[in-house]
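Each remark here refers to the structure printed beneath this line.
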Amino acid sequence: MRQAVVLGASVAGSLAARVLAGSFDRVLIVERDDVAGVAPRRGVPQARHLHGLMERGRQIMEELYPGLTGDLAAEGAPTTEVLRGSRWYLSGLRVFPTATGLTTLLASGPMLENAIRTHTLALPGVELRTHCAAVGLTGGDEITGVRLSGGEVLHADLVVDATGRGSRAPDWLAALGHERPAEDRVDVDLGYASRTYQRKPEHLDGHLAVVVSTTPGFRGGGAITLEGDRWHVTLAGMLGDHPPVEPAEFERFAATLPVPDVHEIVRDAEPLDDPVPHRFRGSLRRRYERLRRPPHGLLVLGDALCSFNPLYAQGMTVAAQQALVLRDCLPDPDPARFYRAAAEVVDVAWGMSTGSDLRYPGVEGPRSVRGRVVGAYAARAQVAAHRDPVVARTFMRTANLTLPPTALLAPDIVLRVLRAGRR
Ligand SMILES: Cc1cc2nc3c(=O)[nH]c(=O)nc-3n(C[C@H](O)[C@H](O)[C@H](O)COP(=O)(O)OP(=O)(O)OC[C@H]3O[C@@H](n4cnc5c(N)ncnc54)[C@H](O)[C@@H]3O)c2cc1C
């Protein structure tokens, strides 16, 4: 019997188990937490904060779980056309409200995670063990299993590490005599604070979401309509300028955003809980594709492979893209091939988000001349997206990862950006 063991039952783990299901007799998901229901839990503290799903991620999830968007909509998660049903502000300027062909699915992080896990567990051969932490790997040149906290060893023909940013796989590999992956970091010292409110239909003139970009010098955040007619409000600040959680100070911080939309909700709506904080030090990428001999029997994906600045809302979508990469490598995944293809997927999102962050002198990370030129052009494209619907549409499609970033370099778009992109 061929068995795959997937570590972590969050978004990346469930997606990985979904694609492994056809190729292994048994797929066992091992999870440290109790994952019943949609309540926030210890292992995924970020789920208390705004989670937007990019269109490419939604498309892949829809392919892997046909009908998912409709099921979530039936449970109360609204969907809307991205620039028509919601408001986007970049550096304080509203992105032109035009049709983009992009759908925003407004489900909370826990609701989406729970839905894909439930669908995955319904597949034949997929099982879940909760309250169970992985503490190491077994094997030598090849990985042959997982050690659990109680001392038990699970045999596995394939181990998939989807334990998130805090993944211990580099230590576990080193303990078996393997090389550790190199790490790339871009430090942004981002702070989030989030709170939910009762929504009234007249808020935001009926728009379902507002997103205000956050950069050094511009505080930001957003408000998204959630299942249960609630607002999920997140405030954000970079380079140590973190939003406070004391309710009156939270409201004062909201008033300092470059546009009033989020503050109007915070000021007028009835709060349903207290603000909760989250600190994110920086984007972190583990370069498994550069290992000279990545061991057979182990694959690392999701945030364990690359954790992105959450302001760009890329993590769940890139995890979904990596699940498709994994599917292409089955039934006997070669790790070098998997990491090479996964790196191509990560490169796109990493280049967009870190390229944008590195425009600011206070952000720490490796800079290049090319990065500076691209960054200056992207800043101009953001201004042009405020005035020109064609640029707005293209910009949103690249941000949603349905078009490559090079789409913004098509000659007609460059002309429009140069024309409409002056401040
Ligand atoms: C503040 C914040 C906001 C974000 N906003 C967005 C957004 O708007 N859009 C977006 O697409 N992405 C966003 N992300 C990223 C997104 O949360 C992740 O990319 C996504 O959840 C995929 O993560 P994952 O499944 O790889 O890991 P995680 O979600 O971190 O899950 C890891 C799982 O592994 C379990 N686990 C950990 N260690 C062990 C162990 N030793 N043994 C067994 N189980 C273990 C944990 O309990 C958990 O269930 C955000 C991240 C942060 C920090």
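Some notes on this structure:
- The charge dipole of the chain, taken about its Cα centre with unit charges on the Cβ atoms of Lys, Arg (+1), Asp and Glu (-1) only, comes to about 1400 debye.
- Sorting the segments 5-14, 267-276 by their mean number of nearby beta carbons within 10 angstrom, highest to lowest, gives 5-14, 267-276.
- Across the chain, the longest run free of exposed loop sites, meaning GluC sites (Glu not before Pro) lying outside DSSP classes H, G, I, E and B with no more than 15 other Cβ atoms within 10 Å, spans 203-423.
- Share of carbon and sulfur in the accessible heavy-atom surface of the chain [1.4 Å probe, %]: 52 percent
- Over the chain, the fraction of Cα-Cα pairs per 20 Å bin, rounded to whole percents and listed from the shortest bin up, is 27, 57, 16, 0.
- Extent along the principal axes, Cα only, for the range 114-190: 38, 38, 21 Å, with the longest axis given first.
- Listed peptides 315-321, 406-412 appear in the order 315-321, 406-412 once ranked by packing, highest mean of other Cβ atoms within 10 Å at the front.
- Shape analysis of the range 335-415 places it in the oblate category; the axes a ≥ b ≥ c from the Cα gyration tensor give an a/c of at least 1.5, with a/b not above b/c.
- The range 357-420, dipole about Cα centre (Lys/Arg Cβ +1, Asp/Glu Cβ -1), debye to the nearest 20: 140 debye
- Cα lying deepest toward the dipole's positive end in the chain, options PRO331, VAL38, ALA115, charges on Cβ: PRO331
- Highest GNM mean-square fluctuation among ALA107, ALA385, ALA74, for the chain modelled with Cα contacts below 10 Å: ALA74.
- Per residue, the range 8-80 exposes 38 Å² of solvent-accessible protein surface, assessed with a 1.4 angstrom probe and all protein chains in place.
- Surface analysis of the range 357-420 yields an accessible area of 53 Å² per residue, using protein heavy atoms and a 1.4 Å probe.
The values are calculated or read from the model by the stated rules, or taken from the named source; none is laboratory data. Because the structure is predicted, anything quoted here is derived from the model rather than measured. Every residue, glycine among them, receives a Cβ derived from its backbone with ideal geometry; neighbour counts consider all protein chains shown. The protein model used for the area step is the full one, side chains on, heavy atoms only, and it has no ligands, DNA or RNA in it. Shrake-Rupley method; radii C 1.70, N 1.55, O 1.52, S 1.80 Å.
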